[in-house]
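Reviewing the structure listed below.
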Amino acid sequence: MTIRVGDKVPSGTLMKMTAEGPAPVSTDELFGGKKVVLFAVPGAFTPTCSAQHVPGFLGHADEIKAKGVDTIACLSVNDVFVMGAWGKDQGVGNKIEMLADGSGHWTRALGLELDLVDRGLGVRSQRFSMVVDDGTVTTLNVEEGAGLDVSSAENTLSGL
């Protein structure tokens, strides 16, 4: 079952790269008592994700945070080393947390996995954005097909 507006996000552990190496991120700590914009992509270093999705959120990060958002995070079913390298490549600095769901467990718990096995990419995340306020989903924008419309930074910002 896919998560919906009004639902609590499931508890889980994601990973992020730090100066000291890979570190776990509890979703309870990530979302608890905070307003978070989370956007998810099918894969790091893929064309739309690298050319549009991350740059859009990076370019609008200050505007998004000015709307009371504590954290902007990017999620992908990739390993933490790939997400760390992609964050450096994209120049996200401390504006966007690059979160890895290496085995896709949390993405499956959301019900937002995307089966790309036939394309040789395994099971990934659908492209989406959500606003989570103290652990509760207040906005959920899931893309239909391969486009980048409803989960864009611009659309997410307009809904804040």
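When a/c reaches 1.5 or more, the comparison of a/b and b/c decides; with that in mind, is segment 15-158 rounded, prolate or oblate per its Cα gyration tensor?
rounded
For the chain, modelled as a GNM with alpha-carbon contacts under 10 angstrom, which of 102, 135, 93 fluctuates the most?
Its mean-square fluctuation being the largest, the pick is 93.
Relative contact order for segment 31-153: what percent, with Cα pairs under 8 Å and sequence separation of 6 or more? All intermediate terms of the calculation are to be shown ahead of the outcome.
Working: 229 pairs, mean separation 40.8, N = 123.
That works out to 33 percent.
Per-residue ellipticity at 222 nm for the chain, helices alone: DSSP H runs ≥ 4 residues times -39500 (n - 2.57), over residue total, nearest 500 deg cm²/dmol?
Using -39500 (n - 2.57) per qualifying helix, the result is -6000 deg cm²/dmol.
In nm, what is the difference between 0.36 nm times the number of residues separating residue 34 and residue 160 and their Cα-Cα distance?
Details: separation 126, 0.36 × 126 = 45.36 nm, distance 1.41 nm.
Gain on stretching residue 34 to residue 160: 44.0 nm.
Sort 20-28, 61-69 for me by packing, meaning the mean count of neighbouring Cβ atoms within 10 Å per residue, highest on top.
Ranking, from highest mean packing down: 61-69, 20-28.
Taking θ = phi - 60°, what integer Hz values does the Karplus form 6.51 cos²θ - 1.76 cosθ + 1.60 yield along segment 17-29, in sequence order, with x for Gly and Pro?
Per-residue couplings from phi come out as 8, 10, 4, 8, x, x, 9, x, 10, 6, 5, 5, 6 Hz.
With θ taken as phi - 60° and the coefficients 6.51, -1.76 and 1.60, list the Karplus ³J(HN,Hα) couplings across segment 151-160 in order, rounded to whole Hz; mark glycine and proline as x.
Result, ordered by residue: 9, 5, 4, 5, 5, 4, 4, 5, x, 7 Hz.
With +1 assigned to the C-beta of every Lys and Arg and -1 to the C-beta of every Asp and Glu, and no other charges, what is the dipole magnitude of the chain about the Cα centre in debye, to the nearest 20?
80
Calculate the FRET efficiency for residue 45 and residue 11 from the Cβ-Cβ distance with a Förster distance of 30 Å, rounded to the nearest 0.05. Each step should come with its number before you reach the end.
Values: r = 29 Å, r/R0 = 0.96.
The formula returns an efficiency of 0.55 here.
Throughout, read-outs are computed from the coordinates displayed, never taken from laboratory work. Just so we're clear, the structure is a prediction, and the values are computed from it rather than from any experiment. All Cβ positions, glycine included, derive from the backbone under ideal geometry; neighbour counts span all protein chains shown.
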